[in-house]
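The values are calculated or read from the model by the stated rules, or taken from the named source; none is laboratory data. Just so we're clear, the structure is a prediction, and the values are computed from it rather than from any experiment. So basically every Cβ, Gly included, is an ideal-geometry build from the backbone, and we count neighbours across all protein chains shown. Quick note on the areas: whole protein, heavy atoms, side chains included, nothing else; ligands and nucleic acids left out. Shrake-Rupley method; radii C 1.70, N 1.55, O 1.52, S 1.80 Å.
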Amino acid sequence: MEKKEGEAMEARLAEMGKRIDELKGRLGTVTGEVKAELERRIDAAYAAQEEQRQRLHRLKDKGLEQWDSLKEQAGEAWNGLEKSLQDLASRLKK
């Protein structure tokens, strides 16, 4: 993995963490079962973010040849996390 790519992914993880924190802060306006559901989904987003962080660190350790072979798989996981955050944000707007 190139250093530039690694730094970009670290920045993306940090931004996702801020977004998750922001969504969690907005839960104060929600009550009941909806709040419980959104809390579970936010917890899952934190877990997915941490999984991506660990995957990134493993990829950094393995080097470029491993990065190339796992790039597509990692991209799918990132996209899934991004979609989850967008869905949570839209649910909190309602």
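Some values worked out for this structure:
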item: Which of Thr31, Ala45, Leu85, positive extreme of dipole for the chain (C-beta unit charges); result: Thr31
item: Accessible surface, per residue, of the chain when the full set of protein chains is kept, probe 1.4 Å, Å²; result: 65 Å²
item: Folded to 0 to 90 degrees: helix 3-25 orientation relative to the chain principal axis, Cα; result: 10 degrees
item: With all protein chains modelled, accessible area of Lys18 [1.4 Å, Å²]; result: 130 Å²
